[in-house]
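Here, each number is a calculation from the coordinates, and none is a lab measurement. All of these numbers come straight from a predicted model, not from anything done at the bench. Cβ sites come from the backbone with ideal geometry, for glycine too, and all protein chains shown count toward neighbours.
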Amino acid sequence: MIRLPFPCRRTTQATVILVTCGLVAPPIGHAQTVNVPGGLPTHVNATYQEPGLGGWTPDTTGTAQATSGSGAVTQTTTAGTSDSDALETLYQQSWGYAAAQNAEALGVNPSALAATCVVESGCQNLYTAGNGSTITGAFQMSNGTYSQTLGEALAADPSLASSITSGTAGQQDPATQAVAAAQYLKDAATSLQQSGISNPTALDARAYYNFGPSAGAEIATADDSSLMSSYISSTAMSGNNISSTTTVGQWRAAVAAKMGSAASSSILTG
């Protein structure tokens with residue numbers, strides 16, 4: 001006789017002999033549906049490591065939730081938030097993160113830079129020079145303004161020279177032109193502060209960027225009911241689709257609509 005080490009029973013049915021012992025078979029797994037309260041995060045909070053960008057983490061949006069065993073949400077944490085839709089548009093460009101980092105190095109809010117980029121070209125690297133005009137690129141700068149402000153930026157932060165395209169080719173390189181554009185916005189902010197605007201925004205600096213320092217300061221401090229024709233030439237008006245009856249307030253509203261939430265972004269970070 002064979003002695004079994006634990007209680008068993010012998011079952012005979014036809015010619016098949018089954019021996020069942022005191023063992024419990026593991027339960028069979030079944031697919032389950034898991035409900036996540038509030039849904040999964042819309043975006044991943046990613047950390048980008050690109051050549052030349054160091055350990056910089058760009059703004060992203062995302063939410064993490066902790067839940068109890070019953071499925072109740074016990075804690076909600078925002079992983080990171082972007083301060084404007086324009087900045088997201090800038091980040092979608094292959095050169096966007098480098099442009100934002102360089103702007104910060106100059107003390108310029110990347111969201112204000114992005115607002116300018118969106119209004120000028122939709123952050124697309126357009127070639128529009130010709131017919132006597134040198135204005136081109138994602139930030140639509142003329143050769144003269146580009147060269148002057150790029151020189152200012154490199155004088156303020158010589159380390160930027162390693163991340164730009166030198167020479168005239170830089171005018172059509174959006175990452176390089178972004179450095180010049182950021183410096184131009186910084187110049188605009190300084191000028192507007194001298195005109196009494198303590199914390200200039202992307203919208204405040206728009207006229208300076210588009211129409212030059214003199215008209216820029218006048219329009220930034222003008223009443224909404226004033227006519228744009230009081231500050232800029234008929235050529236500038238026609239070139240920017242501004243009618244003779246357009247008021248400063250109407251022009252501001254149109255620009256703000258293009259910039260989105262970035263319109264109220266401060267230009268200077270410090």
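Looking at the range 79-168, which chymotrypsin sites (Phe, Trp or Tyr not before Pro) are in a loop (DSSP not H, G, I, E or B) and have at most 13 other Cβ atoms within 10 Å? Provide the component values of the computation, followed by the final result.
Working: sites: Y91, W95, Y97, Y127, F139, Y146; in loops: W95, Y127, F139.
When the chymotrypsin sites (Phe, Trp or Tyr not before Pro) of the range 79-168 are filtered for loop state and at most 13 Cβ neighbours within 10 Å, Y127 remain.
Quick check: pseudo-label points 7 Å beyond the Cα along Cα→Cβ at D223 and S198, how many nm apart are they?
About 2.4 nm, to one decimal.
Would you mind calculating the gained length between L268 and S233 on full extension (0.36 nm times residue separation, minus the Cα-Cα distance), in nm to one decimal? All intermediate terms of the calculation are to be shown ahead of the outcome.
Details: separation 35, 0.36 × 35 = 12.60 nm, distance 2.93 nm.
Extra length available between L268 and S233 comes to 9.7 nm.
Report the equivalent ellipsoid semi-axes for the range 85-259 in whole Å, largest first, defined as the square roots of five times the eigenvalues of the gyration tensor built from alpha carbon atoms.
On the way: eigenvalues 135, 60, 46 Å².
After scaling each eigenvalue by five and taking roots: 26, 17, 15 Å.
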